[in-house]
Amino acid sequence: MTVHPTDVGDAAPKAPFLPPLRIRDLEFSPPVLPAPMCGISDRAWRTLSREQGCPLVFTQMVSSEAMVRGRDRCWDLLDMDTSEQPICAQLFGSDPETLAACAKRIQDAGATIVDLNMGCPVNKVVKSMGGSALMKEPELVRRILRAMRAALDVPFTVKFRAGFEKYGEEAIAISRIAEEEGLDAICIHGRTREQKFKGNADWSVLRVVKDIVSIPVIGNGDVKSADDAMRMIRETGVDGVMIGRAGMGNPWLFGQVCARLSGLPDPEPPTVEERLDTMARHARIMVDRKGDRGLVEFRKHLVQYLRGFRCAKVLKTKLMGVTDAEVYFREIDDMKRHIADLEAEAEAVAAAGA
Ligand SMILES: Cc1cc2nc3c(=O)[nH]c(=O)nc-3n(C[C@H](O)[C@H](O)[C@H](O)COP(=O)(O)O)c2cc1C
């Protein structure tokens, strides 16, 4: 059974390992946040991570330029309304006035917090001077933050990397500017833009920045377990932990980290049935929100949910080509009934091939 921080039965919590994350007048406890991720942090991902105890969720980033051009796709990508509060909506762009106007729009649409993306390493974004490219332009950053701050009443945060090419210096400079311009928190991913998602995240800059600024600092990069989260907090003193890729196909990770930071016992790992049920529910929410496209988009999650199943290949083959949602969910039901046989069969095949 999955134990949620809010549903702990008889287990008496010890003292929480970390106090709530305070972003201006808002408190988030336990301070465990699912990362904003393009194509991933949609309504389904946000629902599941919130159910596991995450007190604040993030939309994926949307382009301020596209938003002012009136592209409805931006609002589809955000797929956000007041029922999801507290929610942090993320923008990217490079023009101060455009970003400020869009920040106000997403605030008015129900964002509890507005975040600026200054970490995206993708060439197309960097070429337009958005995402991580801004880290090289501190004066432009100051103008952007000032304009957005003036446009917003809600808390305002920024997420960036450990640097563009060189580790550390730019991140320290941006942290200082963020504090001077009245931002309410910062989040740092311990990789440079050069690294993209390769190599290991280096958390040392988090510790340096924590000593320099007095606004909350959220740490991000390579947190794959509750032990990693504890280690990041111990080594750097961050006020909160953000988790991205390791939560894909494994929303229980959020529950595990939430429990640990709340001083609760480690939850039981999910049963096979729970894993398949959650996988189906994730797909169902995506289909409900996006129609048939939801099933296609779900494929990247499917692969992750099936990690660790001996019969993953068989299950994947069964589901990958299915385009009809009802057939899809019938197949998953069928798998649930026969999973023990499928796993035994896969083991026998593996043993025969060994
Ligand atoms: C597919 C993908 C999409 C991402 N999209 C965004 C995004 O829209 N906004 C953002 O701030 N970071 C984005 N990121 C970066 C993550 O938020 C996070 O900083 C990064 O994955 C490192 O954390 P992790 O090691 O826990 O995954 C994305 C990462 C991935 C893998």
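When HIS189 is tested against the conditions (1) over 15 Å from LEU116 (Cβ atoms); (2) within 18 Å of the chain's Cα centre (by Cα), the lone failure is (1). When SER83, SER94, SER63, SER49 are checked against the criterion of being over 20 Å from LEU140 (Cα atoms), in contact with a helix residue (DSSP H, G or I) (Cβ under 8 Å, 6 or more places away or on another chain) and among the hydroxyl-bearing types (Ser, Thr, Tyr), a single residue qualifies: SER49. Does ASP81 qualify as being at pLDDT below 95, under 30 Å from ASP25 (Cβ atoms) and more than 14 Å from the ligand (Cβ to nearest atom)? Yes. Every condition in (1) in a helix (DSSP H, G or I); (2) surrounded by fewer than 19 Cβ atoms within 10 Å (Cβ to Cβ); (3) in contact with a Leu (Cβ under 6 Å, 6 or more places away or on another chain) holds for PHE17 except the one numbered (1).
Keeping to the range 152-162, report how many residues are touching a residue at least 60 places away in the same chain (Cβ under 8 Å) and under 23 Å from ARG207 (Cβ atoms). The qualifying residues number 2.
Among the residues of the range 345-354, those that are more than 35 Å from the chain's Cα centre (by Cα) and part of a helix (DSSP H, G or I) comprise GLU345, ALA348, VAL349, ALA350, ALA351, ALA352, GLY353.
Taken together, GLU268, GLU274 contain a single residue that is surrounded by fewer than 16 Cβ atoms within 10 Å (Cβ to Cβ) and out of contact with any helix residue (DSSP H, G or I) (no Cβ under 9 Å at 6 or more places or on another chain), which is GLU268.
Would you confirm, using the coordinates I've provided, whether TYR305 is farther than 27 Å from CYS187 by Cα, in contact with a Gly (Cβ under 7 Å, 6 or more places away or on another chain), hydroxyl-bearing (Ser, Thr, Tyr) and crowded, with 18+ Cβ neighbours inside 10 Å? Answer is yes for this residue.
Among the residues of the range 200-219, are any within 10 Å of the ligand (Cβ to nearest atom), outside the structural domain of GLY308 (by TED's automatic domain parsing) and surrounded by fewer than 24 Cβ atoms within 10 Å (Cβ to Cβ)? Yes, the range 200-219 has at least one match. Do you know which of the residues in the range 220-241 that are within 22 Å of PRO270 (Cα to Cα) and touching a Leu at 6+ places or on another chain (Cβ under 9 Å) is farthest from the ligand (Cβ to nearest atom)? Checked the range 220-241; the qualifying residue farthest from the ligand (Cβ to nearest atom) is MET230. When we screen VAL57, VAL32, VAL62 for residues that are touching a Lys or Arg at 6+ places or on another chain (Cβ under 6 Å), modelled with pLDDT of 95 or more and under 27 Å from TYR305 (Cβ atoms), the only hit is VAL57.
The values are calculated or read from the model by the stated rules, or taken from the named source; none is laboratory data. Note that this is a predicted model, so its numbers are computed, not measured. Don't worry about glycine lacking a Cβ; one is built from the backbone with ideal geometry, like all the others, and counts go over all protein chains shown.
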